[in-house]
1. What pairs come up if the first residue lies in segment 390-413 and is surrounded by fewer than 22 Cβ atoms within 10 Å (Cβ to Cβ), the second is of a type in the set (Ser, Thr, Tyr), and their beta carbons are under 8 Å apart, counting only those six or more places apart or on different chains?
2. Would you confirm whether any residue within segment 518-525 is in contact with a Phe, Trp or Tyr (Cβ under 6 Å, 6 or more places away or on another chain) and either charged (D, E, K, R) or in contact (Cβ under 8 Å) with a residue 24 or more places away in the chain (or both)?
3. The conditions are (1) among the polar types (S, T, N, Q); (2) free of Cβ contacts under 8 Å to residues at least 60 places away in the same chain; (3) surrounded by 22 or more Cβ atoms within 10 Å (Cβ to Cβ), and residue 295 fails exactly one of them. Which is it?
4. Can you work out which of the residues in segment 447-463 that are of a type outside the set (Ser, Thr, Tyr) and in contact with a helix residue (DSSP H, G or I) (Cβ under 6 Å, 6 or more places away or on another chain) is surrounded by the fewest Cβ atoms within 10 Å (Cβ to Cβ)?
5. Taking the stated definitions as given, is residue 424 touching a Ser or Thr at 6+ places or on another chain (Cβ under 9 Å) and surrounded by fewer than 24 Cβ atoms within 10 Å (Cβ to Cβ)?
6. Select from segment 423-436 the residues that are more than 17 Å from residue 405 (Cα to Cα) and either in a helix (DSSP H, G or I) or touching a helix residue (DSSP H, G or I) at 6+ places or on another chain (Cβ under 6 Å) (or both) and list them in ascending order.
7. Conditions: (1) closer than 17 Å to residue 473 by Cα; (2) in contact (Cβ under 8 Å) with a residue 24 or more places away in the chain. Residue 429 meets all but one. Number of the miss?
8. Which condition number does residue 85 fail, the rest of (1) at pLDDT below 85; (2) more than 15 Å from residue 51 (Cα to Cα); (3) among the hydrophobic types (A, V, I, L, M, F, W, C); (4) surrounded by 13 or more Cβ atoms within 10 Å (Cβ to Cβ) being met?
Amino acid sequence: MGTDEEGTLARLKELQHALIEPSIANHRGRVVKTTGDGLLVEFASVIEAVRCAVEIQRGMAERNAAAPCGSRIEFRIGINVGDVIIEGGDIFGDGVNVAARLEGLAEPGGICVSGRVQEDVDGKIDAAFVDMGEHKLKNIARPVRVFRLRLNSSKPKAHTGRQGAVYSALLLVLLLLLGGIWMGLRFQPSFFGTLSPGARPARMAELGAKPVLAVLPFVNQGGDAARGYFADGLTQDLISALGRFSTMTVMSWNAVAPYKAKPIGPYEISRALGVRYQVEGSVHQTSDRVRVTAQLVDRDGRVLWSARFDEAIVDVFALQDKITSQIAGALAIGMTEIEQRRVLAKPTDNLEAYDYVLRARPALQRPTRSNIAEARTLLRRAIELDPDYAAAYAALAETYLIGTAMGWAQSPVEFLNQAEGLASRALSLDASEVRARVVLGRIHIFHQRYEQAKAEMDRALATNPNDADGLAGHGNILMWLGQTDAAIEALEQAQRINPELNALDRNALGLAYYLKERYDAAVTQAQINLREVLGAHFSYALLAAAYAQQGRSEEAAGAAAALKRLDPMFDPQAFGSKLQNPSDLERLRDGLRKAGLYTPPSSAQR
């Protein structure tokens, strides 16, 4: 592909029409789906499936014999037999998953089968089996015995109708991989976000494609080889954690494990795996502490992001989880920012849906009225290009939510209805879209539907516990529910992952600090909002209340005057009224009263 995209694609189509499709049809197979450069095929007979695979590989060997080495197209095939779940023409289950893992174990031009396939077809086809032993396959509970087919040049034996009938009740999965390329197993939820073993994307730099990332095995620098399990475990946990982010695709552990302790440069790894970015790291473990360094590099070895973590050892596995969470969340934020810079540096024509979403993201992070309007235009264009793009609907919903919260909506009810409809549409397309869950949760807070809000935030964190938006949304609802300590913990964790919290989340953190009488911390959060976010005038209310509680009456009066000047429509009765704990609401209004912003209603007004 890298040398000759058009020629490769033309040869691939010719192979599909001249060899692959006829072979599948001749052996009574059904193409379930195509996935990038792969095929998922179901057969009623295990013997037919293996004969089809042998026919294809022998046909490819003949075609490749005269082709130059650099221009050959090769397949890997994995075959498994077992029960599957059929839904809407698609198939799911362990039978599919094992076949996918077997494909990853096959050599280019080769075929790998499970032990059950070998038992069923041994002696019935003209090919020998080589026992590769038992393998522990990812996401498969039991070890699987694997066999490799050793092909010879003779034709397979003729088969009888009786043999086909014997296996007619069996379902089997065959996967074909072109040149070792795989675009992700979208037919099984557990594979979302990761690529199968030894995989690589077809067009790493394709416009509009999500970035593909390889987390290389972290290096154990402690000098104690026995502690290498921690470095390997951290790498594998980080791969799993990053795989939950819908903004990137992550290579599997099996794909990167061969590069452990090998002196290979980023460029060579990038070419071999077809990745845009790589994560490198090291672990230095002493008797009582663990020091972890991590950095994100591009294919040329340029460091794009780096971090260092130094933690005391209490529970080594809990520590591993903590470090994984911090690295994964911070790295996901860094990746998004890097991708935004990459996209914004390109010409503005010929943009794909993914790029439009990336271009809209900065407006959501630092919103102004005009930025939000521009973001809506970009996101609607993304949806025009891809009407099934869940992330675009979620981001568009966010623009309406922000417009309501910042006071820019002519009709807040209409804006919230728009946001709710768009977020629901995103979730109907992809139930794992965390941003849509968070938007729905925040809408429920506006309507004081607190149990529904908490349920959405809980679902968001269940989908991805390292997502800064999900953590911040969770902290918001906890704060309104009166669980202030837990709210601060969640919001602080979100801020550690993403120091650029949006204005609403930073205000929630400041309000939580205020409710715990941590007035200096509340002042700091309010000041950041007012300094960095145009239109965050509501932060003057928190600033005035915190100053007043500290006895800084002159500064409190100045903040109150600024609020009245910039937002003449400010309603002190409504501000904070969603607080469910009466003592929290009283504490807030006490500060506002001392700052001259709140006057308790008279008995007649009540």
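The values are calculated or read from the model by the stated rules, or taken from the named source; none is laboratory data. Computed from a prediction, not measured in an experiment: that's the story for all the values here. Backbone-built Cβ (ideal geometry, glycine too); neighbour counts: all protein chains shown.
1. 390/246; 409/400; 412/404
2. Looking only at segment 518-525, we keep the residues that are in contact with a Phe, Trp or Tyr (Cβ under 6 Å, 6 or more places away or on another chain), and these are 521-522.
Filter once more, keeping what is either charged (D, E, K, R) or in contact (Cβ under 8 Å) with a residue 24 or more places away in the chain (or both): 522.
Scanning segment 518-525 turns up at least one residue that is in contact with a Phe, Trp or Tyr (Cβ under 6 Å, 6 or more places away or on another chain) and either charged (D, E, K, R) or in contact (Cβ under 8 Å) with a residue 24 or more places away in the chain (or both).
3. Of the numbered conditions (1) among the polar types (S, T, N, Q); (2) free of Cβ contacts under 8 Å to residues at least 60 places away in the same chain; (3) surrounded by 22 or more Cβ atoms within 10 Å (Cβ to Cβ), the odd one out for residue 295 is (3).
4. 452
5. no
6. 424, 425, 426, 427, 428, 429, 430, 432, 433, 434
7. Answer for residue 429: the failing condition is (1).
8. Exception for residue 85: condition (4).
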